[in-house]
Amino acid sequence: MTTTDQTGSTRIQTGGTGQRHARTEPPNARPTWAEIDLDAIADNVAALKTQAAAPQLMAVVKANGYGHGAVPAARAAVAGGADWLAVALAEEGRQLRDAGIDTPILVMTEPPPEAVNELLTAALTPTVFSRPYAAALEAAARERGGEPVAVHLKLDTGMRRVGVPQADWEDALTFVRDAQGLRLEAIWSHFAVADEPFNPFITHQAEEFARALGLARSLRVAYDLAHLCNSAGTLHLHEHHYDMVRPGLAIYGLEPAPGLAGKTALRPALSWWTRLSLVKRLAAGEAVSYGLRWTAPRETTVGTIPAGYADGVTRALSNRGEAVVRAHRVPIVGTVCMDQFMVDGGDLPLAAGDDVALIGREGTAEVTADDWAAWLDTINYEVVCGVGQRVPRVYVGDVRW
Ligand SMILES: Cc1ncc(COP(=O)(O)O)c(C=O)c1O
């Protein structure tokens, strides 16, 4: 349908079937959805595990599986060969257990000591780095009776976020060794700059970690596993893989830094789709959206997109980002609103109902999470974690979840 607005200069077109590029259909009335390829996650895990020097892989599925959906991402990771899963919070581990996932799950931070029983009831593996928490765990373990609780002792080798500070390593190792309710299953740490291949701090932390393991040996502290490497380390620090690697970002098919994946074929699992809700022809000089911050420099076709900052299309993309429609990258024009924003299609034959890739590919045109990160001066991690809760996830692939 083509109509005319009050000024007479704007021709508006609604309806139409539009061009299709997404593999899936939107599940809700509003056609804005994220398509998650679970086969991509499974294949990425398999590829990472094949190239790793470590026999085991722990897939990090915290933060709702980096925005991909915790339970489906976890199932896909396990289908791809993940031996362990990792989450940040006890609640995240509970969610996986409630879904019937029985793979070992490491909780990478310490919840408050009051949450210890919940963690043990869900058979989650605690990380330990503070004495009060270790003592609470040991007390809970004794009260429950049965087998000692397996714990992963986290040592701070230089990131200075969480972990036992170097000065306390000996105390912590002997405490866990002697605590009857605890069994030391792993010693682990985390790199601060693994995504900067030439940063000497990598070597510093690796040496500190090796020193910690030597200290454990000299104190006769028994443990089964050592693990140190996130995605960046998994991809390029093979000499530090120890018994297990611990990638997050890479299992979703994204690189922690450009080129870091090298020959490891990673496939992004997430694409983000919507459909033009309205298309209009603007005359030169007509402005769009709140604040009228973009004015058409010439006669042009503008499309309205039914997604906004409440969905994670952050307002900082106003007059900055791009989207893909009709296999072309087109600029976001004007202010991104809470539920909608506009793109300038120039003279493309846009039609209401056309599929639009916010993150994804149509033909040879693509917008990636890395593009968003560059526009927003952030990292691709934050981009995928930022796909809003209001955006339904639609899963494709053979993995059963
Ligand atoms: C302790 C720890 N290990 C592993 C990871 C996974 O890191 P990446 O997503 O860079 O692979 C994270 C993520 O933040 C983490 O905090």
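From the list ALA316, ALA307, ALA296, exactly one residue is open to solvent by 40 Å² or more (accessible area, probe 1.4 Å) and of a type in the set (Gly, Ala, Ser). Which is it?
Matching residue, one of ALA316, ALA307, ALA296: ALA316.
Is segment 150-166 home to any residue that is within 15 Å of ARG131 (Cα to Cα), aliphatic (A, V, I, L, M), at pLDDT 95 or above and open to solvent by 40 Å² or more (accessible area, probe 1.4 Å)?
The answer is yes, given that some residue of segment 150-166 is within 15 Å of ARG131 (Cα to Cα), aliphatic (A, V, I, L, M), at pLDDT 95 or above and open to solvent by 40 Å² or more (accessible area, probe 1.4 Å).
Pairs please, first residue from segment 107-121 and closer than 21 Å to MET58 by Cβ, second anywhere and surrounded by 14 or more Cβ atoms within 10 Å (Cβ to Cβ) and among the polar types (S, T, N, Q), Cβ atoms under 9 Å, 6+ apart in sequence or on different chains.
Taking only residues 6 or more apart or on different chains, the pairs are VAL107/THR125; VAL107/THR127; MET108/THR127; THR109/THR127; GLU110/THR127; GLU110/SER130; LEU119/THR125.
Take the residues in segment 14-34 that are modelled with pLDDT of 50 or more and either β-branched (Val, Ile, Thr) or part of a strand (DSSP E or B) (or both); name whichever of them is most open to solvent (accessible area, probe 1.4 Å).
It comes out as THR17.
So, PHE129, is that one touching a residue at least 40 places away in the same chain (Cβ under 8 Å) and within 16 Å of the ligand (Cβ to nearest atom) or not?
yes
Any idea which of ALA186, ALA206 is aliphatic (A, V, I, L, M) and closer than 22 Å to ALA88 by Cα?
None of the others qualify; the one that does is ALA186.
If we only count helices (runs of 4 or more DSSP H) wholly inside segment 38-87, which ones have 1 or more residues that are among the basic types (Lys, Arg) and within 16 Å of the ligand (Cβ to nearest atom)?
38-51, 62-66
For segment 323-370, enumerate the residues that are touching a Phe, Trp or Tyr at 6+ places or on another chain (Cβ under 8 Å) and either surrounded by fewer than 20 Cβ atoms within 10 Å (Cβ to Cβ) or among the aromatic types (Phe, Trp, Tyr) (or both).
Hits for segment 323-370 are CYS337, MET338.
Out of contact with any strand residue (DSSP E or B) (no Cβ under 7 Å at 6 or more places or on another chain), within 16 Å of the ligand (Cβ to nearest atom) and hydroxyl-bearing (Ser, Thr, Tyr), is that true of SER218?
So SER218 does not fit the description; no.
Scanning segment 169-204 for residues that are under 25 Å from the mean Cα position of the chain (by Cα) and polar (S, T, N, Q), which turns out farthest from the ligand (Cβ to nearest atom)?
Ranking the candidates gives ASN199 first.
The values are calculated or read from the model by the stated rules, or taken from the named source; none is laboratory data. As the structure is a computational prediction, the values presented were derived from the model and not from experiment. Please note: Cβ atoms are built from the backbone with ideal geometry, for glycine as well, and neighbour counts cover all protein chains shown. Heads up: the accessible areas ignore ligands, DNA and RNA and are worked out on the full protein's heavy atoms, side chains in. Shrake-Rupley method; radii C 1.70, N 1.55, O 1.52, S 1.80 Å.
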